[in-house]
Number of protein chains: 2
Amino acid sequence: MKLKVKLLGLSAGTPVGILNRKLALHANIHVSDRILLEKAGKKIVCVVDLTDTVVKEEEIAVSTEVLEALKLQEGENLKAESTSKPQSIYFIHKKLSGETLTKAEIKTIIEDIVSNALTQAEIAYFVSGVFNNGMKREEIIDLTEAMADSGMRLDFDSPIVADKHCIGGIAGNRTTPILVPICAAAGLIIPKTSSRAITAAAGTADVIEVLAPVELDIDKLKQVVKKTNACLAWGGSLGLSPADDKLIQVERLLNVDPEPQLLASIMSKKIAAGSTHIIIDIPFGKSAKIESKEEANSLKNKFEDLGDYFNMKLKVILTDGSSPIGNGVGPALEIRDVLKILRQEKSLPSDLEEKALLLASELLEITGKAKPKKGYALASKILKSGQALNKFREIIKAQGGDIKEPKLAIFKKEIIAEKNSKITSIDNKKINELARLAGSPADKTAGVYLNKKLEKVKKGEIILTIYSESKEKLKDAFEYYSASQPLQFR
Amino acid sequence: MKLKVKLLGLSAGTPVGILNRKLALHANIHVSDRILLEKAGKKIVCVVDLTDTVVKEEEIAVSTEVLEALKLQEGENLKAESTSKPQSIYFIHKKLSGETLTKAEIKTIIEDIVSNALTQAEIAYFVSGVFNNGMKREEIIDLTEAMADSGMRLDFDSPIVADKHCIGGIAGNRTTPILVPICAAAGLIIPKTSSRAITAAAGTADVIEVLAPVELDIDKLKQVVKKTNACLAWGGSLGLSPADDKLIQVERLLNVDPEPQLLASIMSKKIAAGSTHIIIDIPFGKSAKIESKEEANSLKNKFEDLGDYFNMKLKVILTDGSSPIGNGVGPALEIRDVLKILRQEKSLPSDLEEKALLLASELLEITGKAKPKKGYALASKILKSGQALNKFREIIKAQGGDIKEPKLAIFKKEIIAEKNSKITSIDNKKINELARLAGSPADKTAGVYLNKKLEKVKKGEIILTIYSESKEKLKDAFEYYSASQPLQFR
């Protein structure tokens, strides 16, 4: 049937079409049914809401998600037809029942996720199936390819496109804005795309955004890379592996991240980004995503196997993930740490500098920019000479930003040592939660500054400082600090 | 915050609240977040949509699901507050990870399902966890109790309240409208509530509705039972075990029905309905829900164990489920079969009559209305003497209906035998699907009539007839018949 588009400016988080109840009765369409909308060859599946008022019988009101996907305007005509259960439902049932999926079945599931033919509940069944029954090597390869094929691909017309990825989970740990300018200054093409925070206090994109826009479109990104060899952009606006974004939304609900999904998620984004040489950082330890070295090694082997299969030069580095890296946790506090290192200030966080240099040196070596075992010396030279700072400034400027001193939040609460002691552990998850309660990453100026790390503290010294733009949030955060004890002392 | 209610008459299938985008920004609420709405102590959790127009900053537009739950009127004030992830998320994660849940954890999950604090995707994770990891006996008992406690309870003030349940999956098989009047005529209190079709061609409620209203409220239902000893009502409008209804919605998406869920679903509804003596029919065979006798026996033992635990007199009967029972499939065609049996017409489907008598006799025996092994004779006498027909008429009248000849659909397609042969099997699932494609159960007059069952057919004889109100649906159904071959011949 043909329907006239009515705009309500309604965002529902998922594509929704609102029909008149009489029309729906006539067409045998029910609430929560799915209908396929089509305009000029572009298609999207949406969920049906019904109304007696707002929308007339010949009209359909669509949510902004439909509007953007089909580029609709008020009063336009749209083709709508009811659509039956997608075939992928049966394949998801197979996976939930412990069976192995074929390449074609996995491809169909991913295509249906991207076209919105599957609801979040149906995607949750798929995630559960993978979580409980795992995936064979072949399935993970097929999943990776299907996800990479589900969206845009970048092409930088260069034999070497360098990249770096960390599986996350560590508070602070902002190595990317240090190693990217080092590697770019060494002559590598390194078009780095990063995520925003999901459950952490900040993602690299949130941190860079303190100084420069990160939501670049593909043309702008290519222009920045052409000018500077690099970029520090948000990956979310580029349409790389869109199936992955939808899967992550559903995984977040229960905080599950099945290993096959983790592997395919990262690898598909790297393939879509055109990366050829990649360093993957797997931090492990208590309060990290991966707790044991055995687990970390098993994951390392799987990543390297996939790297071989997809003809990438991929090296996995296992690092210490038992406590936060750097002192700042939260966008402004983290970029301040980064600037201290790039400027080689005396108060720089040496653990963060050391880790960034290590990862940069590995990337310089696997790309051949440095001879084996000579990467560290090269990376250090570029950092200490100020070349990295200059390159960082170039990238920030090319993205439309400027290096200015990051402002911190107006309210702060200092935690003072009650006696002489030693900090024996700092819990990543609790520090992230503390920074989030203070307002990070939505308030870029909020977060936690670890004045002391794993070291001796004297009575009266400041151990950590919580920054917040709101007195209530500061209070909530302090209460959480007291109740959860993110630091252990001896 | 306080918000003014605006009515849009919007049905979304799930509680939705639409906020103005500016207000949301100010209050740090995002699309798809959950907020808790409260009016006069009644609470409901809804999902947030955002709009720039339609709703002003001080307003909230709510879907009809919220409207009905809180009994709202235009312009009323409502308390709204953002709500964090419910605790049950962690318990669902536990179940998905294969752990055993405590009574309190199960209770919290069920309460959060009923209050809409959990989305369909989160419920899907719970169903997946139960599907993949099962539940221990204690967990099933706790789940049953939590579900029974989640809604209304019926009380008929009688030491014996008889009931019957079939786990479903067989086409036709409409024994309930025959055995209920038999048992009621024998003096049993049998307030039967039934479901509508979920995936079948018709549910008992759809079939009775051809003759009488089935959506009775609790007062009306009690009045009908007081007058006639029985009722033939739809269970869905009574608010018994509402958690079960929401779980079934999510299970339907993937067509999964984990055994612990099946057990708790049926038992919780029986507890809430106040049933004391219950016959459960488990049909097994090829194309039934349960394929093997071993599986059927294992399920029987679990039902009987739960019956003991909950102090019910519960007997499970295993029956032949390898092919449809009766000739009609679809509401009007099935009630025609039922009326033929109640009237003892010559053309009655004897397999359906036989099965109804068997189940009735078992129920008469476990309630003590008949001595052991004397139930069948009593049931037959009541049926053949016309007492059952009179009682059926009484019940239909008390519900506000009338016994009239069921009308069949205008268009029909007869399938003719091409040669002499024998029908060796009839597939339940395919016959149900065939009837659904013809328009059943939405079109009560549509469906399939099996002119022949497992018997010899001569060339030129009618094997089956498809009835439909629409030529296109008839065509679709016939195409499905040709492609799927629901009957096998020799």
> Looking at this structure, is A:GLU334 buried (at least 16 other Cβ atoms within 10 Å of the Cβ), within 16 Å of A:LYS164 (Cβ to Cβ) and among the acidic types (Asp, Glu)?
Replying inline: no
>> If B:ILE271 meets every condition in (1) assigned to a helix (DSSP H, G or I); (2) buried (at least 24 other Cβ atoms within 10 Å of the Cβ) apart from one, which number is that one?
In response: (2)
> Only one residue in A:LYS270, A:LYS246 is within 14 Å of another protein chain (Cβ to nearest Cβ), in contact (Cβ under 8 Å) with a residue 60 or more places away in the chain and under 13 Å from the mean Cα position of the chain (by Cα). Which one?
Replying inline: A:LYS246
>> If I filter the range A:130-159 down to residues being surrounded by fewer than 23 Cβ atoms within 10 Å (Cβ to Cβ) and among the small types (Gly, Ala, Ser), which single residue comes out as farthest from the other protein chains (Cβ to nearest Cβ)?
In response: A:SER158
>> Given the options B:LEU240, B:LEU211, name the one that is modelled with pLDDT of 95 or more and either in a loop (DSSP other than H, G, I, E, B) or not assigned by TED's automatic domain parsing to the domain that holds B:GLY169 (or both).
In response: B:LEU211
>> When the residues of the range B:437-483 are narrowed to those that are small (Gly, Ala, Ser) and surrounded by 14 or more Cβ atoms within 10 Å (Cβ to Cβ), which ends up nearest to B:PRO406 (Cα to Cα)?
In response: B:ALA446
> Any residue at all in the range A:482-490 that is over 12 Å from A:ALA201 (Cβ atoms) and touching a Gly at 6+ places or on another chain (Cβ under 6 Å)?
Replying inline: no
> Within the range B:39-51, how many residues are touching a Leu at 6+ places or on another chain (Cβ under 9 Å) and either farther than 18 Å from B:LYS4 by Cβ or among the polar types (S, T, N, Q) (or both)?
Replying inline: 3
> Scanning for something crowded, with 19+ Cβ neighbours inside 10 Å, at pLDDT below 90 and of a type in the set (Ser, Thr, Tyr), does the range A:12-25 turn up at least one residue?
Replying inline: yes
>> Given the options A:ILE395, A:ILE341, A:ILE426, name the one that is within 22 Å of A:LYS286 (Cα to Cα), touching a Pro at 6+ places or on another chain (Cβ under 8 Å) and of a type in the set (A, V, I, L, M, F, W, C).
In response: A:ILE426
> What single numbered condition from (1) crowded, with 16+ Cβ neighbours inside 10 Å; (2) closer than 21 Å to A:SER275 by Cβ fails to hold for A:GLY368?
Replying inline: (1)
> Out of curiosity, is B:SER32 away from chain A (no Cβ under 13 Å), within 20 Å of B:ALA121 (Cβ to Cβ) and at pLDDT below 90?
Replying inline: no
> If we scan the range B:300-314, do we find a residue that is under 14 Å from B:GLY168 (Cα atoms) and in contact (Cβ under 8 Å) with a residue 24 or more places away in the chain?
Replying inline: no
> Looking at this structure, is A:GLN223 assigned to a helix (DSSP H, G or I) and crowded, with 20+ Cβ neighbours inside 10 Å?
Replying inline: no
> Which of the residues spanning the range A:1-29 are assigned to a strand (DSSP E or B) and within 12 Å of chain B (Cβ to nearest Cβ)?
Replying inline: A:LYS6, A:LEU7, A:LEU10, A:SER11, A:VAL16, A:GLY17, A:ILE18, A:LEU19, A:ASN20
>> Cβ-Cβ distance below 7 Å, separation of 6 or more or different chains: which pairs start in the range B:397-413 with a residue that is farther than 19 Å from B:ASP337 by Cα and end on one that is surrounded by fewer than 12 Cβ atoms within 10 Å (Cβ to Cβ)?
In response: B:PHE411/B:LYS471
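Run down A:LEU72, A:LEU25 and say which single residue is without any contact (Cβ under 8 Å) to a residue 12 or more places away in the chain, out of contact with any Phe, Trp or Tyr (no Cβ under 8 Å at 6 or more places or on another chain) and of a type outside the set (Gly, Ala, Ser).
Only one candidate qualifies: A:LEU25.
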>> Condition first: buried (at least 22 other Cβ atoms within 10 Å of the Cβ) and closer than 28 Å to B:VAL66 by Cβ. Now tell me which residues in the range B:89-115 satisfy that.
In response: B:PHE91, B:ILE92, B:ILE106, B:ILE109, B:ILE110, B:ASP112, B:ILE113
> Under 9 Å by Cβ, and 6 or more places apart or on different chains, what pairs join a residue from the range A:323-346 that is under 17 Å from A:ALA379 (Cα atoms) with one that is surrounded by 24 or more Cβ atoms within 10 Å (Cβ to Cβ) and among the basic types (Lys, Arg)?
Replying inline: A:VAL338/A:ARG174
> If we only count strands (runs of 3 or more DSSP E) wholly inside the range B:383-490, which ones have 1 or more residues that are touching a Ser or Thr at 6+ places or on another chain (Cβ under 6 Å)?
Replying inline: B:411-416, B:421-426, B:447-450, B:487-489
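The values are calculated or read from the model by the stated rules, or taken from the named source; none is laboratory data. Since the model is a prediction, treat every value here as computed from it, not as a measurement. Positions of Cβ are backbone-derived with ideal geometry, glycine not excepted, and every protein chain shown enters the neighbour counts.
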